[in-house]
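Chemist: Could you have a look at this structure, given as structure tokens, before my questions?
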Amino acid sequence: AQKVTQAQTEISVVEKEDVTLDCVYETRDTTYYLFWYKQPPSGELVFLIRRNSFDEQNEISGRYSWNFQKSTSSFNFTITASQVVDSAVYFCALTRPPSSASKIIFGSGTRLSIRP
Amino acid sequence: EAQVTQNPRYLITVTGKKLTVTCSQNMNHEYMSWYRQDPGLGLRQIYYSMNVEVTDKGDVPEGYKVSRKEKRNFPLILESPSPNQTSLYFCASSLSMAPQQPQHFGDGTRLSIL
């Protein structure tokens with residue numbers, strides 16, 4: 001079964017702290033893609049990053065970094081020196097190859113609150 | 001401006017009264033999809049369309065219909081809405097059905113079925 005688990009329902013930190021959002025996935029596919037999306041208080045969903053199952057390189061984009069580890073089926077997201085504007089709900093998602101029923105599976109989301 | 005447009009943004013209606021939520025994209029995307037977002041459940045896929053006249057069920061299709069007569073439009077139809085369909089709905093599109101393509105989302109439609 002395909003599944004994405006974001007065990008942290010809510011996280012609250014003080015501005016400038018580092019914070020890591022966990023994402024654990026289950027899949028039997030050998031080819032798959034993982035995504036992170038951000039949903040700020042205004043409600044829209046914004047694409048942040050994509051990672052394919054063959055690329056385990058970590059990625060850094062400014063204050064954001066992602067750690068993909070196939071050995072633990074995890075794709076964690078770290079925000080360094082958090083800011084109030086980072087407050088949002090963050091979703092991790094898993095997609096399957098075209099030969100499968102084209103399903104996109106989202107985790108239940110982690111609500112991140114950054115306190116000034 | 002490249003965007004996915006949903007209408008209406010908010011709707012309160014009553015059980016059994018047919019309604020349609022429209023979705024339109026101006027990016028010439030092949031793949032379009034509908035999701036519902038409920039607290040604690042994340043986003044769940046309702047229906048998706050890989051191209052014109054090609055649609056398929058997602059994880060929670062019961063009570064919904066869709067059509068894809070034109071590439072840019074993908075309306076979601078609730079023939080006989082019920083209170084358990086009260087939710088926040090998102091339409092999304094991507095360039096193709098290839099799984100590496102990120103989704104572009106509309107701003108959401110909040111439906112309340114009384």
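The values are calculated or read from the model by the stated rules, or taken from the named source; none is laboratory data. What you are looking at is a predicted structure, and each value in this text was computed from that prediction instead of being measured. Positions of Cβ are backbone-derived with ideal geometry, glycine not excepted, and every protein chain shown enters the neighbour counts. Protein only, heavy atoms only, side chains kept; ligands, DNA and RNA dropped before computing areas. Shrake-Rupley method; radii C 1.70, N 1.55, O 1.52, S 1.80 Å.
Chemist: Distance cut-off 18 Å, Cα to Cα: go down the list A:Lys103/B:Lys57; A:Lys103/B:Lys69; A:Lys103/B:Lys17; A:Lys3/A:Lys103; B:Lys18/B:Lys69 and report the pairs above it. The partial results should precede the final answer.
Modeler: Numbers: A:Lys103/B:Lys57 9 Å; A:Lys103/B:Lys69 22 Å; A:Lys103/B:Lys17 30 Å; A:Lys3/A:Lys103 11 Å; B:Lys18/B:Lys69 20 Å.
Beyond 18 Å between Cα atoms: A:Lys103/B:Lys69; A:Lys103/B:Lys17; B:Lys18/B:Lys69.
Chemist: Okay, moving on. Please work out the average accessible area per residue across segment B:29-114, using the 1.4 Å probe convention, and give it in Å².
Modeler: Numbers: 3470 Å² over 86 residues.
On a per-residue basis, segment B:29-114 sits at 40 Å².
Chemist: Averaged over all directions, how much area does the convex hull of the C-alpha atoms of the protein assembly as shown cover when projected, in nm²?
Modeler: 12.6
Chemist: If you roll a 1.4 Å probe over the heavy atoms of the protein chains, what accessible area per residue do you get for chain A, in Å²?
Modeler: It amounts to 48 Å² per residue over chain A.
Chemist: Please report, in debye to the nearest 20, how large the charge dipole of segment A:1-40 is about its Cα centre when each Lys and Arg carries +1 at its beta carbon and each Asp and Glu carries -1 there.
Modeler: Taking the Cα centre of segment A:1-40 as origin, the dipole is about 200 debye.
Chemist: Roughly to the nearest percent, how much of the accessible area of the protein assembly as shown is carbon and sulfur, given a 1.4 Å probe?
Modeler: Ligands and nucleic acids excluded, carbon and sulfur reach 49 percent.
Chemist: By the scheme Lys and Arg +1, Asp and Glu -1, what is the net charge of all other residues having a beta-carbon under 15 Å from that of A:Gln69? Can you show the working numbers first?
Modeler: Values: positive: A:Arg51, A:Lys70; negative: A:Asp22, A:Glu26, A:Asp55, A:Glu56, A:Glu59.
Residues close to A:Gln69 contribute a combined charge of -3.
Chemist: Taking a quarter of the surface of the convex hull around the Cα atoms of chain B, what do you get in nm²?
Modeler: Answer in nm², one decimal: 6.6.
Chemist: Follow-up. Which listed residue (B:Thr109, A:Gly109, A:Ser42) has the Cα farthest towards the positive end of the charge dipole for the protein assembly as shown, taking +1 on Lys and Arg C-beta and -1 on Asp and Glu C-beta about the Cα centre?
Modeler: B:Thr109
Chemist: Treating cross-link reach as a plain straight distance, find the aspartates and glutamates whose alpha-carbon is under 13 Å from the alpha-carbon of A:Lys16, omitting any fewer than eight places away in the same chain.
Modeler: A:Asp86
Chemist: Once Rh for segment A:1-79 is found with the Kirkwood sum over Cα pairs, what is the Stokes-Einstein diffusion coefficient at 37 °C and 0.692 mPa s, in µm²/s? It would help to have the intermediate numbers written out before the result.
Modeler: Numbers: Rh = 13.7 Å.
Here the translational diffusion coefficient equals 240 µm²/s.
Chemist: Sort out for me the Cα centre separation of segment B:16-74 from segment A:45-65, rounded to whole Å.
Modeler: With segment B:16-74 and segment A:45-65 each reduced to a Cα centre, they are spaced 27 Å.
Chemist: Additional query: Return the value, in Å² to the nearest 100, of accessible area buried between chains A and B (probe 1.4 Å, both sides summed). Can you show the working numbers first?
Modeler: Values: alone 6510 and 6190 Å², together 10860 Å².
In total, chains A and B hide about 1800 Å² from solvent.
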